[in-house]
Amino acid sequence: MDEIIKAEGVSYRYYGSIPALAGVSLGIGAGERFAVIGANGSGKSTLLQVLGGLVFPSEGTVSFRGHEVSEKSLREKGFLRFFRERVGYVFQDSDIQLFCPTVLDELLYGPQQLSMAEEEARERAFAVMQMLNIENLKDRPPYMLSGGEKKRVAIGSVLTMNPEVLLFDEPTNGLDPRTQCFLVELLLALNEAGKTVVLATHDLSLIGELHARVAVLSEDHWLEKTGSAEEVLEDEELLLKVNLIHEHIHFHGKTAHRHLHSHFPFHRHENHIPHIHTIPEKEKQPMNELDKLKHLLHHWQEHNDEHADTYKEWSQKMSALGRQDLAGVLDALYRDASKLGTLFEEAMRMLK
Ligand SMILES: Nc1ncnc2c1ncn2[C@@H]1O[C@H](COP(=O)(O)OP(=O)(O)OP(=O)(O)O)[C@@H](O)[C@H]1O
Ligand SMILES: [Mg+2]
C-alpha cells in the first residue's frame with residue numbers, strides 16, 4: 001500500500017498534561033477511505049488534527065508522503081505550501097471554518113492563498129458551488145445560513161483547493177437525513193475521483209456505508225484495532241469495550257439504513273449496513289415468513305417513495321434543460337411509482 005499519511009507512536013497531551021492520544025501508530029493509503037471511531041473524548045478529533053498538521057504530537061511522528069509534519073517543517077514555506085495544498089481539513093463546527101464576508105469569498109479564499117489566477121479561482125468556486133448545490137447562496141454571509149448549508153460551504157471552501165487528502169471531523173453531525181445522504185454520496189464521489197478520504201465519527205452506520213477501513217480508539221486513547229468496517233462492526237465485544245454500543249442499542253435494517261441516491265455519475269449498490277445485535281439471547285426469536293415480508297414491504301415502500309421523488313426531481317431538471325422527451329419519461333416513471341404506493345399499503349394492511 002502506498003502510504004500517504006503515517007503516524008508512528010503518536011501521543012498527545014493538552015497543556016502537557018491532559019492525555020488525548022497514547023502511542024497511536026497507523027498508516028493511511030493513498031486513495032483510501034479511512035475512518036477513526038471511538039467514544040466521546042477518546043481522541044478522534046485530536047488524531048485528525050495531528051494528521052492534518054493543526055497540532056503536533058507530544059511524542060512520536062506524523063509524516064505526509066514521507067516528509068515529517070512538524071512545527072519545524074511547517075515553518076519552511078515550501079513544505080507549508082506543499083502540505084496545505086494537498087491536505088484539507090473540514091472542522092466539525094463549520095463556524096470555526098467560515099470567516100469571510102460571503103459564501104463566494106469563502107470559496108475563493110483558498111485559491112487566493114495559493115496565488116491562483118483570479119479567473120481560474122472563480123471557475124473552481126463556481127464548479128464547486130454547482131456540485132454542492134449552493135450557487136443560490138453565493139452572496140450570503142455564512143452566518144446567515146443553516147447548519148447544513150454552512151457544512152456545504154465549509155466543505156466547498158476546502159474543495160476549491162482541490163486537495164488530495166480530505167480530513168472530515170464528524171461530517172454527518174447535525175445534518176438531516178437527506179443532507180447526510182448527500183454527504184455520504186459526496187464522500188464516495190470524492191474518493192472515486194481519487195481523493196483520500198479520512199473521517200472521525202461515532203456514526204457506525206456511516207463507516208458501514210462507506211466501507212471504510214477503520215481505526216478504533218479506546219477511551220484510554222489507544223488504538224484498539226484497525227480493520228475493515230465489516231470486521232469492526234461485527235466485533236460486538238470490541239464495540240462494547242470501547243463504549244460505542246451498549247446492551248440496549250441495536251441496529252436493525254431500516255433504523256440504521258440510509259439509501260443513497262446518487263447525484264454523481266456513479267452508483268454504489270453494496271451499501272449494506274451490518275447488523276449489530278446486542279439483544280440478550282433469550283429475546284432473540286426467529287422471524288417467520290410474514291414478519292420477513294412485513295420488513296421487506298417497509299423497505300420496498302420506503303425506497304419506492306424515495307425513488308419517486310428522485311424521478312420527479314430529474315424530470316424537472318430535464319425540463320429546465322429543454323429535454324422535454326426525457327422529462328416526459330421521468331414524469332411517467334414518477335407517476336407509476338406513486339401508484340405503487342397504494343399497492344404497498346394494501347399489502348401492509350393485509351399483514352396487520
Ligand atoms: N482544547 C482542549 N483542551 C484540553 N483538553 C482537551 C481539549 N480538547 C480535547 N481535550 C481532551 O482530550 C481528549 C480527547 O479529546 P478529543 O476531542 O480528541 O476526543 P473525541 O474523540 O474527538 O471526542 P468527541 O466524540 O466528543 O468529539 C478528551 O479527554 C478531552 O477532554
Ligand atoms: Mg471530536
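Each reported figure results from applying straightforward, stated rules to the coordinates on display, with no laboratory input. Everything numeric in this text was worked out from a predicted model, so none of it was measured. Here Cβ is always computed from backbone atoms with ideal geometry, including for glycine, and neighbour counts include all displayed protein chains.
Just from its helices, what would the mean residue ellipticity at 222 nm be for the chain, if runs of 4 or more DSSP H residues each count -39500 (n - 2.57) and the sum is divided by every residue, rounded to the nearest 500 deg cm²/dmol? Can you show the working numbers first?
Working: 12 runs with 156 residues, N = 352.
So the calculated ellipticity at 222 nm is -14000 deg cm²/dmol.
Based on DSSP loop calls and a cut-off of at most 12 other Cβ atoms within 10 Å, the longest stretch of the chain free of exposed GluC sites (Glu not before Pro) is what? Kindly include the intermediate steps, with their values, before the conclusion.
Values: sites that count: GLU71, GLU76, GLU247, GLU270.
So the longest stretch without any such site is 77-246.
With r as the distance between the Cβ atoms of LYS138 and GLU59 and R0 = 35 Å, compute the FRET efficiency 1/(1 + (r/R0)^6) and round to 0.05.
Values: r = 45 Å, r/R0 = 1.28.
Efficiency, from the Cβ-Cβ distance: 0.20.
Magnitude of the charge dipole for the stretch 286-351, about its Cα centre and with charges confined to Cβ atoms of Lys, Arg (+1) and Asp, Glu (-1), is about 120 debye. In this Cβ point-charge picture (+1 for Lys and Arg, -1 for Asp and Glu), the chain has a dipole of about 460 debye about its Cα centre.
Please label the shape of the chain as rounded, prolate or oblate, based on the square roots a ≥ b ≥ c of the eigenvalues of the alpha-carbon gyration tensor (a/c under 1.5 means rounded; beyond that, a/b larger than b/c means prolate, else oblate). Mind dumping the intermediate values first?
Values: a/c = 2.46, a/b = 1.21, b/c = 2.03.
Oblate is the answer for the chain, as a/c is 1.5 or above yet b/c matches or exceeds a/b.
Distant-in-sequence amide contacts of PHE168, defined by a placed amide H-H separation under 5 Å and a gap of 5 or more residues or a different chain, comprise VAL90, VAL198, LEU199, ALA200. Working note: Karplus 6.51/-1.76/1.60 with θ = phi - 60° gives the stretch 145-160 the couplings 10, 6, x, x, 5, 4, 4, 4, 5, 4, 5, x, 5, 7, 5, 5 Hz, where Gly and Pro are set to x.
Counting only chymotrypsin sites (Phe, Trp or Tyr not before Pro) that DSSP places in a loop and that have at most 13 other Cβ atoms within 10 Å, the longest clean stretch of the chain runs over 100-265.
Between the stretch 176-238 and the stretch 33-62, how many Å separate their Cα centres? Answer, in whole Å: 15. Would you please classify the overall shape of the stretch 286-351 from the alpha carbon gyration tensor, given that a ≥ b ≥ c denote the square roots of the eigenvalues, rounded means a/c under 1.5, and beyond that prolate means a/b larger than b/c while oblate covers the rest? Prolate, because a/c is 1.5 or more and a/b exceeds b/c. In order along the stretch 172-183, phi translates into HN-Hα couplings of 9, 4, x, 9, 6, x, 5, 5, 4, 4, 4, 5 Hz, rounded to whole numbers, per the Karplus curve 6.51 cos²θ - 1.76 cosθ + 1.60 with θ = phi - 60° and x for Gly and Pro.
Grab the beta carbon distance between GLU236 and GLN130, set R0 = 45 Å, and tell me the FRET efficiency rounded to 0.05.
Numbers: r = 43 Å, r/R0 = 0.96.
It comes out at approximately 0.55.
Put a dot 7 Å past the Cα of THR102, heading toward its Cβ, do the same for SER228, and the two dots end up 4.9 nm apart.
Pairs exceeding a 25 Å alpha-carbon distance, out of LYS77/LYS151; LYS150/LYS312; LYS6/LYS44: LYS77/LYS151; LYS150/LYS312. Only beta bridges with both residues in the chain are counted; by DSSP, about 50 percent of them are antiparallel.
Given the options MET129, MET161, MET318, state which has the largest fluctuation in a GNM of the chain using a 10 Å cut-off (strictly under) for Cα springs. It is MET318. Extension gain for GLU192-PHE82 works out to 37.3 nm (0.36 nm per residue, less the C-alpha to C-alpha distance). Selection among GLN324, GLN301, TYR334 by position relative to the dipole of the stretch 286-351 gives GLN324 as farthest towards the positive end (Cβ unit charges, Cα centre).
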